[in-house]
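The values are calculated or read from the model by the stated rules, or taken from the named source; none is laboratory data. Since we're looking at a predicted model, the values are computed, not measured. Every residue, glycine as well, gets a Cβ built from its backbone with ideal geometry; the counts of neighbours run over all protein chains shown. Ligands, DNA and RNA are excluded from the accessible area calculation, which covers all protein heavy atoms including side chains. Shrake-Rupley method; radii C 1.70, N 1.55, O 1.52, S 1.80 Å.
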Amino acid sequence: MKNLIKMFAVIALFVAFACSKSEQNVPLIGSIDQLILTSSSEDEVLAANEEVTFTIVGNDGVDYSALATLSVNQEEVTGNNFVFAEEGTYEISASHLGTTSNTLTYNVVDSASFTIIINGTKFLRDQTVVFTLVNGEGEDITDEATFYVDGIGVSGSQFSSSTEGSFAVYAEYTAAGETFSTEEKSFEVFIPKRKVVVEDYTGTWCGFCPRVAAAILAVHEVTDFVTIVAIHKTAANSPDPMHFQDFETLEDEYDVGGLPQARIDRSVVWVNPHPVSDVTAIAGTDTDAAISISSAINGSELSVTANVIYENGSTDGDKIVIYLLEDGILYDQTNYYDEDASSPYFGLGDPIPNFEHNEVLRDAMTATLGDAITVTGALETFTKNVSITIPSNYVAANLTIAVMLVDSNNTAYNSQHAHVGDFKDFE
């Protein structure tokens, strides 16, 4: 019997030892707030069909390369190796546990030709565009080239424009005593356009609230330069399943009284009957800041990167607000317009069964009133990375990211929105 007990003890010790040894090779999943992406490439110019290995390390020192999700031009790829089969510009990033890494940019060139590389695709007016010419081996021969933008030679290898538009550039170079021209590449110079924020303070129990929903539908019909946020509030005796958990913060800041209430650019009251012209008068006008959005879902973790570029630099007190919205939520809506023949909700019932609620504020991915924007100079870019765990009752395919820029008075001066998983460039 004693021998049998000893045998089991030895087996148990062996199992424990084996488990402890295997666990040494498994990264401990903790809280990470930074991922560093590096690669096996020595430079940013690659030959077509070149394979690159990427390494992702967290600020906890753990190598997450086997666990993180790698994205190439906003599309997820398998593993941490990638073959760049075609010419072009590629942006690579990684995400894990809701944290997004830095972005690496590579230009892939044809080994049999000379290629122009541009330091971007979209530029603010008066922002410097830089051209580089490389040969098939990726060697920089810019000093040997002459660049032409829309057929007109430029001095050196830089260009800027005070007017917006699409431009094409090519280079001439000499090889073996002959002059050759590269293929053209295009880029865009733009002036930021303002997207107005319209916020609808509403509730499924609120019988007069459909009038604001009708006004918003009318706005959608005439302009795309608008970001809509529907902020739901529950009632004591009539719970709203879409209630925004931090409603009181907005209610106090913007003096929201009885519902319905509507606001333009957060702080301007959009009074009944909510004229569309109040929005269209400022929608699409020139402004001095633009926003881009990229996002990705890894499991239940949503990561978002918002970039802001300024013509004249940020102002003290500026903040960025990032919200998660959801479309297509079906829930009965109390309707006091059921007998109003002038309303689009006439004859639909009270309540309207399975009313479709769109642009519903689900979560704030920053502070509800925004996170501070660090001092950002003219023609410089500010980047904000945020993440959130998506509850299981949210429909991922119906989720949208809304980004607002607000001043020290919490008034919005520009916005942008994009479906989760879609890249929205500067506009």
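The residues packed around Tyr106, meaning those with a beta-carbon under 10 Å from its beta-carbon, carry a net charge of -4 if Lys and Arg are +1 and Asp and Glu are -1. Considering only Tyr254, Tyr323, Tyr413, the mean-square fluctuation computed in a Gaussian network model of the chain, springs between alpha carbons under 10 angstrom, is largest for Tyr254.
Estimated from the Cβ-Cβ distance and a Förster radius of 25 angstrom, the FRET efficiency linking Asp60 and Thr381 is about 0.35.
Note on Ser41 and Thr234: with the Förster distance fixed at 30 Å, the Cβ-Cβ geometry gives a FRET efficiency of about 0.05.
For region 42-98, the solvent-accessible area with a 1.4 angstrom probe is 52 square angstrom per residue.
Between Phe180 and Ser113, the simple label model (points 7 Å from Cα in the Cβ direction) yields a spacing of 1.0 nm. The Stokes-Einstein estimate for region 139-181, based on a Kirkwood radius over Cα pairs and taken at 4 °C with 1.567 mPa s viscosity, is a diffusion coefficient of 112 µm²/s. A 1.4 Å probe, protein heavy atoms only, puts the accessible area of Lys195 near 10 Å².
Here are some pairs, Lys319/Lys424; Lys193/Lys233; Lys195/Lys384; which of them have Cα atoms lying more than 30 Å apart in this structure? The answer is Lys193/Lys233. To the nearest 0.05, what FRET efficiency results for Glu51 and Asp224 with a Förster distance of 51 Å applied to their C-beta separation? Calculated transfer efficiency: 0.80. Each distinct pair of alpha carbons in region 175-223 adds a 1/r term; the inverse of their mean, the Kirkwood radius, is 16.3 Å. Solvent-accessible area of the chain (1.4 angstrom probe, protein heavy atoms only): carbon and sulfur portion equals 49 percent.
Using a probe of 1.4 Å, the accessible surface attributed to Trp205 totals some 80 Å² when neighbouring protein chains are kept in position.
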